[in-house]
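Okay, so here's the structure we're looking at.
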Amino acid sequence: MVSPASPASEVLHRVFGYEAFRGQQAAIVDRVITGGDALVLMPTGGGKSLCYQIPALVRSGTGVVVSPLIALMQDQVDALSAVGVRAAYLNSTQDADERRRVESALLAGELDLVYLAPERLKLDSTLSLLDRSPVALFAIDEAHCVSQWGHDFRPDYLALSVLHERYPTVPRIALTATATEQTRREIAARLDLGGAELFISSFDRPNIQYRIEPKDQPLRQLLQLIRTEHPGDAGIVYCLSRASVEKTAAALVAEGISALPYHAGLDAATRSRNQSRFLREDGIVMVATIAFGMGIDKPDVRFVAHLDLPKSVEGYYQETGRAGRDGLPSTAWLAYGLQDVVQQRRMIDENEGDLAHRRRLSAHLDAMLALCETVECRRVQLLAYFGQPSIACGNCDTCLSPPEAWDGTVPAQKLLSTVVRLWRERHQRFGAGHLIDILLGRETERVRSQSHAELKTFGIGTELSEQEWRGVVRQLLAQGLLGVAADGYGTLVITDASASVLDGSRTVMLRRETARPVRASKQKAG
Ligand code: ADP
Ligand code: ZN
């Protein structure tokens, strides 16, 4: 472990001016300094940067940081230069002269840190430059971008597998603020981090109050939130489309709120002007698409509002995580309506990706819907999604005003026993659509061809509508009482926890369902 007198602590005090390491920082820093690989999962604001910056300063040579955040490299380099760290970056925004200057500094061992965009590592010129440079470590920031399963896949990240092959003795540290178990495994596999020590910090952000409410008149609801709880505060409002960003920003300005738009359709100068105003001035409300925010380090963002449903829990967690980095009370507020579901289903249907990709998008959406519908503590649900058990938080809407719940134990048993029977008797697995057809006793073509009318559970579920059944399925998935098979087909399977429902030892409480749109048939799996 890093002792108070260690070189790492010395750098922490002298260069960064901090008293002590936080959480797992000391252990991570120690691991990398001694030449080991590390995979770091730490929430936004947890202090990931020091985990590679300090080893880069302590080890001889330059720390090479791979980051997709080209727009922020200048800021990062400026911040480091301000405390006397010799930092630079190499990316496509530079002219040849600037690039050459950085390259010769790197070759001469005159840099502590160099930031690289991932696409540069595909270039032979970059690799040959690194071959000739003293490299202290490789840091792979936003490592979830390597995961095809994750919500933010960047193909250029796949090229990073070359690092281990080409530089087997250089320690590597991969960092992310968002990774489910599956994403984590994918990162380790794709980056060849099998031997890396895993550091998982708590994902809880106790100062953030999570709230999800039905969307009625979104703008009025948003104004109410800002005026009653966050007047004059800095905040981020996320919208799905550029058009709604523009419309919402204009409407807020008309109401006297200092709002600015941000989306990929604005020219680079406007984007960067709005971003720096948000960072430097007080009380700006940034209305943005998700193009905004990754890597933004503004400690006093007091609220993050979503006017449209995020596409995944990972996205929701990362976006809401931009609130309250300073640890003070902050609000994560989401208005969610039927139309969101309709729209997102349609977008998935129309997605150009292959079937497996659409299924992935669909699974992400289902998990997000489950979070919206939970009767349990939102935080418990959110943390469970990232594999972290917790207890009811007392600081989310469902804790503060519990929603109407109903006892869904019997329907849950009917559904689960259908899954069990199909597997035991026929060795078959299906998606939600067909299971519901069986429970409702529908004589569909598949029911006929598979003789599923002979199943004991055929037609035993007519007390619920198809929509209510979908709600049951989604909520069982959300509670981990039903699982999705890893076959890529979205077929449903029982989990270890299902047994307690089937044997009657566990009561299943569900949130009262509102009407939901019917899924397009393309989405039916199984
Ligand atoms: P992340 O990348 O995990 O979102 P950062 O590395 O940007 O987090 O750190 C978040 C904030 O916490 C920064 O302002 C950083 O300077 C501060 N910080 C990090 N580690 C420490 C520490 N050990 N002591 C005090 N402040 C710290
Ligand atoms: Zn709660």
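Results, tabulated for the structure shown:
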| item | result |
| --- | --- |
| Helices (runs of 4 or more DSSP H) within the stretch 297-416 that include 1 or more residues farther than 23 Å from L175 by Cβ | 338-350, 355-373, 378-385, 397-400 |
| Test for E246: is it acidic (D, E) and surrounded by 15 or more Cβ atoms within 10 Å (Cβ to Cβ) | yes |
| Residue in the stretch 372-379 that is of a type in the set (S, T, N, Q) and away from ligand 2 (no atom under 15 Å from the Cβ) present | no |
| The stretch 36-45, subset surrounded by fewer than 23 Cβ atoms within 10 Å (Cβ to Cβ) and near ligand 1 (Cβ under 6 Å from one of its atoms), residue nearest to R172 (Cα to Cα) | M42 |
| Meets criteria (more than 16 Å from T320 (Cβ to Cβ), surrounded by fewer than 23 Cβ atoms within 10 Å (Cβ to Cβ) and either in contact (Cβ under 8 Å) with a residue 24 or more places away in the chain or touching a Gly at 6+ places or on another chain (Cβ under 8 Å) (or both)) for R227 | no |
| Unique match (being crowded, with 20+ Cβ neighbours inside 10 Å, within 16 Å of ligand 1 (Cβ to nearest atom) and on the phi < 0 side of the Ramachandran plot) among I140, I200 | I140 |
| Q388 vs. criteria under 21 Å from the mean Cα position of the chain (by Cα) and crowded, with 22+ Cβ neighbours inside 10 Å | no |
| Output for the stretch 10-31, where each listed residue is more than 12 Å from ligand 1 (Cβ to nearest atom) and surrounded by fewer than 14 Cβ atoms within 10 Å (Cβ to Cβ) | R14 |
| Residue check, G488 at pLDDT 85 or above, on the phi > 0 side of the Ramachandran plot and not hydrophobic (A, V, I, L, M, F, W, C) | no |
| Condition met for F153 (among the aromatic types (F, W, Y) and at pLDDT below 90) | yes |
| Test set (1) crowded, with 20+ Cβ neighbours inside 10 Å; (2) farther than 19 Å from N91 by Cβ - S60 fails condition number | (1) |
| Helices (runs of 4 or more DSSP H) wholly inside the stretch 1-99 containing at least 2 residues that are out of contact with any helix residue (DSSP H, G or I) (no Cβ under 8 Å at 6 or more places or on another chain) and without any contact (Cβ under 8 Å) to a residue 24 or more places away in the chain | 7-14, 70-82 |
| In the stretch 251-306, residue surrounded by the fewest Cβ atoms within 10 Å (Cβ to Cβ) [restricted to those that are out of contact with any Ser or Thr (no Cβ under 9 Å at 6 or more places or on another chain) and of a type in the set (S, T, N, Q)] | S276 |
| Which listed residue is away from ligand 2 (no atom under 16 Å from the Cβ) and modelled with pLDDT under 90, from G459, G387, G441, G408 | G387 |
| Extreme residue, nearest to the chain's Cα centre (by Cα), among residues of the stretch 237-255 that are closer than 22 Å to S330 by Cα and free of Cβ contacts under 8 Å to residues at least 40 places away in the same chain | A249 |
| Verdict on A26 being at pLDDT 95 or above and either more than 12 Å from L137 (Cα to Cα) or under 21 Å from the mean Cα position of the chain (by Cα) (or both) | yes |
| Restricting the stretch 327-381 to residues that are surrounded by 15 or more Cβ atoms within 10 Å (Cβ to Cβ) and acidic (D, E), the residue that is farthest from ligand 1 (Cβ to nearest atom) | D349 |
| Those residues of the stretch 241-291 which are of a type in the set (A, V, I, L, M), in contact with a Gly (Cβ under 7 Å, 6 or more places away or on another chain) and closer than 20 Å to R227 by Cα, in sequence order | V285 |
| Every residue from the stretch 376-433 that is within 25 Å of G315 (Cα to Cα) and among the charged types (D, E, K, R) | E376, R378, R379, D397 |
| Residue in the stretch 279-287 that is out of contact with any Leu (no Cβ under 6 Å at 6 or more places or on another chain), within 25 Å of C396 (Cα to Cα) and within 16 Å of ligand 2 (Cβ to nearest atom) present | no |
| Options D308, D340: the member that is closer than 13 Å to C372 by Cβ and within 17 Å of the chain's Cα centre (by Cα) | D308 |
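The values are calculated or read from the model by the stated rules, or taken from the named source; none is laboratory data. All values derive from a computational prediction rather than experimental measurement. Cβ coordinates were reconstructed from backbone atoms using ideal geometry, including for glycine residues, and neighbour counts include every protein chain displayed.
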